[in-house]
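Below you'll find the structure, written out as structure tokens, and then a few comments.
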Amino acid sequence: MWWRRTLSRSCRCCLGCGRSGAKGIWSLHTRPVCSAPALPAGRITALQALDVWKRHFEEKGVTEPEHSSQYIIAHLLGAKTIESVDQQSLTQFLSKEKTEQVWQLCTRRLSRMPVQYVIEEWDFRDLTLKLRPPVFIPRPETEELVELVLTDLQRHPGAAETRRQTCLEVGCGSGAVSLSLLKSLPQLEAFALDRSQDAVDLSRENALRLGLQDRLKVYHMDVIKDAERMLGLFSSISALVSNPPYLFSEDMATLEPEILRFEDHAALDGGEDGLNVIRQILALAPDFLSDRGRVYLEVDPRHPPLVRRWTEENVEGLRYAETRHDASGRPRFCILQKEESHKDPDQD
């Protein structure tokens, strides 16, 4: 599926970014967007509307023109994909109201608004999440990050009998990671934080919609500015997971219009070397984690050796465990583990 295409190098692409790099793809699509086609004078079927908007998106340089029109119209017909809409619904005339809705939503896409924001929802693993700008849109690679955490937590099911399992997510966005973990692990309790109030509000809304609000606490915090406050809140965490801002600042200018115009830049820009937030997470991790608790990070493919070296030189009690690759073979995930404390209990 178009959404499943992999990231190009460090690019946190939104709508089907291909394999040749963000700049090469998107430099072709920076022309000003013109007006939408006029509403049809007569009645029109869903298939005819699909054709009109596919051609118009193509003419105006909107990427993934066919899939964009398909997802929007399928959504308005109450389906996830156009393939799941029955043929009769596609060939019968749309009501005037439904036609106007198609034009309204497709015009938003014409402005380069991501489809996820246009239809205000998207699937992440087995969840359907509400989405709205400027909250970061979860990518397929982050589903792989969740799988890594799940595998480790499920590998030790007996742990739940002696102590509760807890997860801390730094930079929760829509709540995708924490909520997905909670749905898969009934024994888990999660804490999540984000510097953006929009993200905090959306995570709470998604938790409520999914009935997971009792096991998720969401905090409006900045991991850099609110470090002392965090140290007073979190301890003995089983897993610290984050898909932090990790783009190199110089790469921001090469991102596609969908991202630059609509998504929160603070959720993308990781500073000169992409490690600003990552370094802070690693520095605080030993204070948050339980013995043998782990840190799971989604990073730029250039980061794993940098993360390993910086941790070895600067963080005591945290060991770099391994690097995992994403589905396209890129080194995408860093896993670190807190070493067991052997401190004498009488020594204080």
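Since every read-out is calculated from the coordinates, none of them should be taken as a lab result. These figures come from a predicted structure and were not determined experimentally. Positions of Cβ are backbone-derived with ideal geometry, glycine not excepted, and every protein chain shown enters the neighbour counts.
The conditions are (1) in contact with a helix residue (DSSP H, G or I) (Cβ under 7 Å, 6 or more places away or on another chain); (2) farther than 26 Å from Ser174 by Cα; (3) surrounded by 17 or more Cβ atoms within 10 Å (Cβ to Cβ), and Asp326 fails exactly one of them. Which is it? With (1) in contact with a helix residue (DSSP H, G or I) (Cβ under 7 Å, 6 or more places away or on another chain); (2) farther than 26 Å from Ser174 by Cα; (3) surrounded by 17 or more Cβ atoms within 10 Å (Cβ to Cβ) applied to Asp326, the lone miss is (2). Against the numbered list (1) more than 30 Å from Gln337 (Cα to Cα); (2) of a type outside the set (Gly, Ala, Ser); (3) touching a residue at least 24 places away in the same chain (Cβ under 8 Å), Asp222 comes up short only at (1). Taken as a whole, the stretch 261-274 holds at least one residue that is acidic (Asp, Glu) and assigned to a strand (DSSP E or B).
Just one residue in the set Leu193, Leu179 is among the aliphatic types (A, V, I, L, M), under 19 Å from Glu147 (Cβ atoms) and touching a helix residue (DSSP H, G or I) at 6+ places or on another chain (Cβ under 9 Å); that residue is Leu179.
Determine, yes or no, whether Val135 is touching a helix residue (DSSP H, G or I) at 6+ places or on another chain (Cβ under 6 Å), outside any loop (DSSP other than H, G, I, E, B) and surrounded by 13 or more Cβ atoms within 10 Å (Cβ to Cβ). Here the answer is no, as Val135 does not meet what is asked.
Scanning the stretch 35-75 for residues that are within 30 Å of Asp126 (Cα to Cα) and in contact with a Lys or Arg (Cβ under 6 Å, 6 or more places away or on another chain) gives Pro65, Glu66, Ser68, Ser69.
Output the number of residues of the stretch 77-132 satisfying the condition of being more than 17 Å from His67 (Cα to Cα), part of a loop (DSSP other than H, G, I, E, B) and of a type in the set (A, V, I, L, M). Residues that pass the stated criteria total 2.
Of all the numbered requirements in (1) surrounded by 22 or more Cβ atoms within 10 Å (Cβ to Cβ); (2) without any contact (Cβ under 8 Å) to a residue 60 or more places away in the chain, Ile259 misses one, and that requirement is (2). Residues in the stretch 225-253 that are more than 26 Å from Gln337 (Cβ to Cβ) and part of a loop (DSSP other than H, G, I, E, B): Lys225, Phe248. For Asp194, state whether it is in contact with a strand residue (DSSP E or B) (Cβ under 9 Å, 6 or more places away or on another chain) and closer than 18 Å to Ile278 by Cα. So Asp194 passes the test.
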